[in-house]
1. Return the residues of the stretch 156-179 that are crowded, with 22+ Cβ neighbours inside 10 Å and out of contact with any helix residue (DSSP H, G or I) (no Cβ under 9 Å at 6 or more places or on another chain); say none if nothing qualifies.
2. Quick check on this structure: which one of Arg146, Arg133 is buried (at least 22 other Cβ atoms within 10 Å of the Cβ), more than 13 Å from Gly102 (Cβ to Cβ) and out of contact with any Lys or Arg (no Cβ under 7 Å at 6 or more places or on another chain)?
3. Name the single residue that is nearest to the ligand (Cβ to nearest atom) among those in the stretch 131-148 being part of a strand (DSSP E or B) and of a type outside the set (A, V, I, L, M).
4. Scan the stretch 156-172 and give yes if some residue there is touching a Lys or Arg at 6+ places or on another chain (Cβ under 9 Å), of a type in the set (D, E, K, R), within 16 Å of the ligand (Cβ to nearest atom) and under 23 Å from Ala232 (Cβ atoms), otherwise no.
5. Evaluate the following for Thr28: is it at pLDDT 95 or above, in a helix (DSSP H, G or I), touching a Phe, Trp or Tyr at 6+ places or on another chain (Cβ under 7 Å) and closer than 21 Å to Pro201 by Cβ?
6. Can you run down the residue pairs with Cβ atoms below 6 Å, 6 or more apart or on separate chains, where the first is in the stretch 104-129 and surrounded by fewer than 14 Cβ atoms within 10 Å (Cβ to Cβ) and the partner is among the β-branched types (Val, Ile, Thr)?
7. Inside the stretch 219-250, can you point out the residues that are more than 11 Å from the ligand (Cβ to nearest atom) and touching an Asp or Glu at 6+ places or on another chain (Cβ under 7 Å)?
8. Give the number of residues within the stretch 131-152 that are in contact (Cβ under 8 Å) with a residue 60 or more places away in the chain and under 14 Å from the mean Cα position of the chain (by Cα).
Amino acid sequence: MNASLASPAISPVPRLALVTGGIGGLGTEICRHLALAGRRVIAVDLGQRAERVNAFRHEVAAFGDAIGFESADVSDFDSCAELVARVEQAHGGIDILVNAAGITRDASLRKMEPRQWHELMRVNLDGVFNTCRQVIEGMSTRGFGRIVNLSSVNGQTGQFGQTNYAAAKAGVHAFGMALARESARKGVTVNTVSPGYCDTPMVAAVSAEIRQRIVEDIPVGRLGSPADIARAVAFLTADDAGYITGANLPVNGGYFMSF
Ligand code: CAA
């Protein structure tokens, strides 16, 4: 067979994936898709939401040991350092990192309090630094890594009431492009998935009237499903996706198209 068509090196042991925001609106489905792709998955989220953590364990029970849970606060550098040390000690090196942790603090700028700006930045942008910083060395040393950070269509277009969110989400992709350049020769890819409006609690929190107007503007005619996003993440984290790096994959039903 032509060498260029030979199968890429597939790991004999299941790759280990860490998914922040792993019990959230998109995160749970991302965990499921990665487990279905043969990955061992650790969902990461704030542990104090005990009811939600229990519901998550129930939702993924069918996957047995393939999906676990660890609590950490992505906005806290030391919490991420402890998380990664704990996971690597118990399970080995982290091969795949998906940053799906994100919050909104919507308000027009004339009403936005510094607290709404800083809380959002700490989770949505600092969180990406805090986790990537912990895993990049190990991935580079082992010569394999897949990082996918979730941005948003609103980071590409802006949205009324989201100066904070749009700035953080645009920053997420810029961060990813820079890290992709630093890591390309080490077998580590860094990509962005930019969801549009999806059927999640975050979008359900937008007023029904505004949401309805948004859905009318989506060419596909519906909100995205968490599975629509999860399959894009699974695609970019595949072992044989090594030539895609620094890319942004929009999954928005055609809501925003660009070249
Ligand atoms: N577009 C245009 N004009 C708007 C507007 C909008 N979305 N929202 C409010 N306005 C107008 C009002 O009609 C009003 O006009 P007048 O002064 O002429 O009467 C004025 O702006 C009111 O301004 P306020 O600062 O008082 O706005 P507000 O407090 O009423 O509403 C808001 C602010 C709650 C943020 C509201 O604009 C909103 O919900 N916007 C949508 C936010 C959104 O889409 N968030 C996405 C969350 S999901 C997500 O982020 C996931 C993802 O990645 C896609």
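The values are calculated or read from the model by the stated rules, or taken from the named source; none is laboratory data. As the structure is a computational prediction, the values presented were derived from the model and not from experiment. We place every Cβ from the backbone using ideal geometry, glycine too, and count neighbours over all the protein chains shown.
1. Those that are crowded, with 22+ Cβ neighbours inside 10 Å and out of contact with any helix residue (DSSP H, G or I) (no Cβ under 9 Å at 6 or more places or on another chain): none in the stretch 156-179.
2. Working: Arg133 fails: buried (at least 22 other Cβ atoms within 10 Å of the Cβ).
None of the others qualify; the one that does is Arg146.
3. If we filter the stretch 131-148 for residues that are part of a strand (DSSP E or B), which is where we start, we get 145-148.
Next, from what is left, pick out any that are of a type outside the set (A, V, I, L, M): 145-146.
Numbers: Gly145: 25, Arg146: 22 Å.
Here the answer is Arg146.
4. The answer is no; no qualifying residue exists.
5. Working: at pLDDT 95 or above: yes; in a helix (DSSP H, G or I): yes; touching a Phe, Trp or Tyr at 6+ places or on another chain (Cβ under 7 Å): yes; closer than 21 Å to Pro201 by Cβ: yes.
For Thr28, the condition - at pLDDT 95 or above, in a helix (DSSP H, G or I), touching a Phe, Trp or Tyr at 6+ places or on another chain (Cβ under 7 Å) and closer than 21 Å to Pro201 by Cβ - is met.
6. Filtered contacts from the stretch 104-129: Leu109/Thr163.
7. Narrowing the stretch 219-250 to residues more than 11 Å from the ligand (Cβ to nearest atom): 219-222, 225-228, 230-250.
Once the filter is applied, which keeps residues that are more than 11 Å from the ligand (Cβ to nearest atom) and touching an Asp or Glu at 6+ places or on another chain (Cβ under 7 Å), the stretch 219-250 yields Ser225, Pro226, Ala227, Ala230.
8. Let us first name the residues in the stretch 131-152 that are in contact (Cβ under 8 Å) with a residue 60 or more places away in the chain, namely 131, 135, 144, 146, 148, 150-151.
Next cut, under 14 Å from the mean Cα position of the chain (by Cα) only: 131, 146, 148, 150-151.
Total satisfying the criteria: 5.
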